[in-house]
Amino acid sequence: MKRLIGWIWLTVLMLISAPSAAGDGPMAEVMQGLGENMARINEGIWREEFVAVGLAAEGIAEHPLPPLLQRLELLAALGTDASQFMKADKALQAAALALKEAAGKRRMGEVMSAYQVLQQRCVACHTWYRDRTSVKAQTALDQENND
């Protein structure tokens with residue numbers, strides 16, 4: 001069991017220390033915070049620390065917005081898909097609140113189900129939007145369009 005927890009910690013540390021999903025784009029700081037809270041949830045699940053799971057889930061649900069200038073950059077990068085991005089963020093928040101509620105009941109089965117939904121929301125958002133919210137990806141796209 002200790003070895004398994006060691007591997008989990010190694011994975012979590014690699015995820016936290018890796019470049020954020022948004023790279024150096026307008027969502028970089030927000031994504032770093034979300035990643036840290038996901039790591040706290042993972043640790044809390046393994047240790048059956050429901051309070052820690054609930055607090056981290058609340059941190060995800062109430063994540064801060066990027067500063068105004070960065071929000072404007074984000075909206076420009078997303079273009080007509082900005083409203084879909086905002087809907088995806090609301091779905092993420094709802095999933096995090098469901099996880100917080102499950103953790104408050106101290107029901108591991110419900111916690112795991114809610115955590116799975118939260119992970120699916122994260123991955124879906126990354127799949128749909130990550131490249132377009134990254135400054136490096138946008139620069140490459142701009143260069144492609146100018147050639």
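The values are calculated or read from the model by the stated rules, or taken from the named source; none is laboratory data. Quantities reported herein were computed from a predicted structural model and do not represent experimental measurements. Note that each Cβ is placed from the backbone with ideal geometry, even for glycine, and that neighbours are counted across all protein chains shown. What goes into the accessible areas is simple: the full protein's heavy atoms, side chains included, and nothing from ligands, DNA or RNA. Shrake-Rupley method; radii C 1.70, N 1.55, O 1.52, S 1.80 Å.
Here are the numbers for this structure:
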| quantity | calculated |
| --- | --- |
| Residue satisfying all of: in the stretch 88-134; closer than 19 Å to Arg47 by Cα and among the acidic types (Asp, Glu); least open to solvent (accessible area, probe 1.4 Å) among these | Glu110 |
| Entirely in the stretch 1-88, the helices (runs of 4 or more DSSP H) that have 2 or more residues that are farther than 17 Å from Arg121 by Cα and at pLDDT 90 or above | 28-47, 50-61 |
| Inter-residue pairs, beta-carbon under 6 Å, first closer than 16 Å to Leu118 by Cα and in the stretch 77-92, second among the aromatic types (Phe, Trp, Tyr) and surrounded by 13 or more Cβ atoms within 10 Å (Cβ to Cβ), 6+ apart | Phe85/Tyr129 |
